Amino acid sequence: MSLPGRVKIVEVGPRDGLQNEPQPVSAAVKIELIERLADAGLPVIEATAFVSPKWVPQMADNAEVMAGIRRKPGVAYPVLVPNRKGLDAAIAAGADEVVVFGAATESFSRRNTNCSIDEGIARFSEVCAEALAQGLKVRGDISVCLGCPYEGEVAPESVVRVARALDAMGCYEITIADTIGTGTAGSTRRVVEAVAEHIPVSRLAGHFHDTYGQAVANVYAALECGIATFDSSVAGLGGCPYAKGATGNVATEDVLFMLNGLGIETGIDMDTLVAAGEFICRQLGKPTNSRVARALSARKAA
């Protein structure tokens with residue numbers, strides 16, 4: 001099976017990567033990170049989330065971040081919104097693309113958004129309708145597609161159900177997310193193939209966490225299925241607060257290294273990307289989770 005000739009990387013570090021960091025990260029640092037990522041050639045950068053500061057205090061500076069970034073031509077800066085209030089705030093801040101999110105299991109939906117799957121779908125249906133009416137693009141994410149911390153294995157049919165609902169709402173792209181990192185190449189393939197029976201694979205994306213060290217393998221399995229869009233986080237930042245032991249998103253550097261080795265185009269410069277990861281890790285006072293970044297830094301220091 002032939003692999004895609006070009007892949008779009010959606011950088012989620014500034015939002016998904018930072019939202020669970022316990023120490024405050026200033027808006028100035030977030031803005032510089034976003035601009036460094038844009039300079040590295042990332043075509044899509046998830047900038048922030050318009051969520052309640054009570055639940056996600058790290059994103060309380062969302063409007064300040066949106067006002068401060070130097071928007072680079074050709075780069076998209078989507079923001080996460082959980083409800084109509086978040087959408088209105090995002091529009092007021094100048095967002096032109098939003099991300100809505102559901103879950104493939106009832107337990108995770110209730111823990112993550114305090115509502116059932118059906119209630120969440122109804123809520124996002126209103127958000128999508130208003131966003132589209134205002135001329136915004138809408139992307140849909142589905143959490144715990146390859147494993148749930150409360151229900152264990154997830155049936156592909158459960159993912160299909162939510163994906164079809166997001167499709168009906170008008171989401172131009174739908175992300176299959178392994179939120180807790182328990183997926184394997186085999187389970188990735190099964191879920192992608194099930195969803196692709198209903199939604200063109202060209203409109204699907206993959207989002208993998210590396211808890212069990214399988215994220216890069218899962219990206220490759222999804223590539224074999226025809227997916228050509230992947231979420232990743234610089235320096236492998238991130239995690240899931242609802243899953244004990246879950247580690248960060250797959251590192252953008254690691255995905256890029258694999259894609260470069262396959263001769264797949266991305267438009268991303270590795271050196272500039274690694275420097276962006278080093279910048280944010282210095283700010284956080286922690287080492288990078290990217291194996292590629294560590295290896296390249298060690299080679300440079302030798």
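Taken over the range 1-17, the criterion of being under 12 Å from the mean Cα position of the chain (by Cα) and part of a loop (DSSP other than H, G, I, E, B) is satisfied by V12 alone.
Filtering the range 280-292 to residues that are part of a helix (DSSP H, G or I) and under 16 Å from G238 (Cα atoms) leaves I280, C281, R282, Q283, L284, R291. Just one residue in the set R164, R139, R203 is modelled with pLDDT of 95 or more, among the basic types (K, R), open to solvent by 40 Å² or more (accessible area, probe 1.4 Å) and within 16 Å of the chain's Cα centre (by Cα); that residue is R203. Note on the range 27-122: enclosed helices (runs of 4 or more DSSP H) holding 2 or more residues that are of a type in the set (D, E, K, R) and surrounded by fewer than 23 Cβ atoms within 10 Å (Cβ to Cβ) are 27-40, 84-92, 106-113.
Could you pull out the residue among A246, A194 that is modelled with pLDDT under 95 and among the hydrophobic types (A, V, I, L, M, F, W, C)? First the steps, then the outcome.
Values: A194 fails: modelled with pLDDT under 95.
The match here is A246.
Taking the conditions (1) assigned to a strand (DSSP E or B); (2) under 22 Å from G183 (Cα atoms) in turn, C145 satisfies each one other than (1). Selection of strands (runs of 3 or more DSSP E) fully inside the range 170-251 by the criterion of at least 1 residues being in contact with a strand residue (DSSP E or B) (Cβ under 8 Å, 6 or more places away or on another chain) and of a type in the set (D, E) returns 173-178, 229-232.
The values are calculated or read from the model by the stated rules, or taken from the named source; none is laboratory data. This is a predicted model, so every value here is computed, not measured. In this analysis, Cβ positions are derived from the backbone assuming ideal geometry, glycine residues included, and neighbour counts consider all displayed protein chains. Note: accessible area is taken over every heavy atom of the protein model, side chains too, but ligands, DNA and RNA are not part of it. Shrake-Rupley method; radii C 1.70, N 1.55, O 1.52, S 1.80 Å.
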